[in-house]
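Read the structure below first, then the notes.
The values are calculated or read from the model by the stated rules, or taken from the named source; none is laboratory data. This one's a predicted model, so the numbers in the text were calculated from it and none came from an experiment. Quick reminder, even Gly has a Cβ in these numbers, built from the backbone with ideal geometry, and neighbours come from all protein chains shown.
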Amino acid sequence: MNMKVVTRITIVSFIVGLMIAIQYNTVKEPAERDTRDAWELRQALTQEKSRHSQLLSEILTLNEVINKYKSADTENQGDILQSTVEQLKQKAGLSKVSGPGLIVTISPAMELVQSGFPIEPVSPELLYRLVNEINRFGGLYVEIDGQRVVHTTAIRDINGATTVNGIPISETSIKIKVITESLEKAEKLNNYLNISSFKDAFYIDNLNLEIGNAEKKVTVSEFDGTLSNEYLIVQNKGE
């Protein structure tokens, strides 16, 4: 057998072996199997679709702003810029906001208190979960017991007290104000919270969770603190 035949057989064998290896890697099971059931997968898909819809909405809003700048003359561009700044301040929590929404109240379950059960503050974990669900189902701006929720807000336990933005909140009556995009979305948020398991979760901790009706006007206060710009660097000219 001459060298040309040996070389061809070697090349063909290498290609066949490579194809078998690729096919094996393609069909073999992943290192970590996804053990979520169909309901959990549907919930994850719903969350991703909600994020996708939100991103598309933000892109459309930004395109509208860009078109306004392009079509406006120099004098009107200042007004557009000021309007954009005000919108950004609202989103960041630096200004008071009013709009459609609802009010959620957390209070001790009096029938349990009268039966001798102790009054304990709402746990940070439960409050955190509630705020996450409110945001996930249409809440744009949230205020907890007078504390505006912003991107730097921390809900944690400090010396046995539940705090928001480092400030202890009330142990007996907590009002959570929520502003939504529209009255319709406020009604949908009301329906979701009423049929969710949150009421039972709070009742286990001897607390009542009361979901207020959708309102045309709810007002949340501005953030009373300093926002940190950890990832922003200001560079002076000439550096």
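With respect to the conditions (1) modelled with pLDDT of 75 or more; (2) in a loop (DSSP other than H, G, I, E, B), GLU133 falls short on a single one, namely (2). For segment 148-159, filtered to residues that are surrounded by fewer than 22 Cβ atoms within 10 Å (Cβ to Cβ) and touching a residue at least 24 places away in the same chain (Cβ under 8 Å), the residue that is farthest from SER196 (Cα to Cα) is THR152.
Do you know which residues across segment 132-147 are among the β-branched types (Val, Ile, Thr) and in contact (Cβ under 8 Å) with a residue 40 or more places away in the chain? Matches in segment 132-147: ILE134, VAL142. Listed conditions (1) surrounded by 14 or more Cβ atoms within 10 Å (Cβ to Cβ); (2) modelled with pLDDT under 70; (3) part of a helix (DSSP H, G or I) are all met by VAL85, apart from (1).
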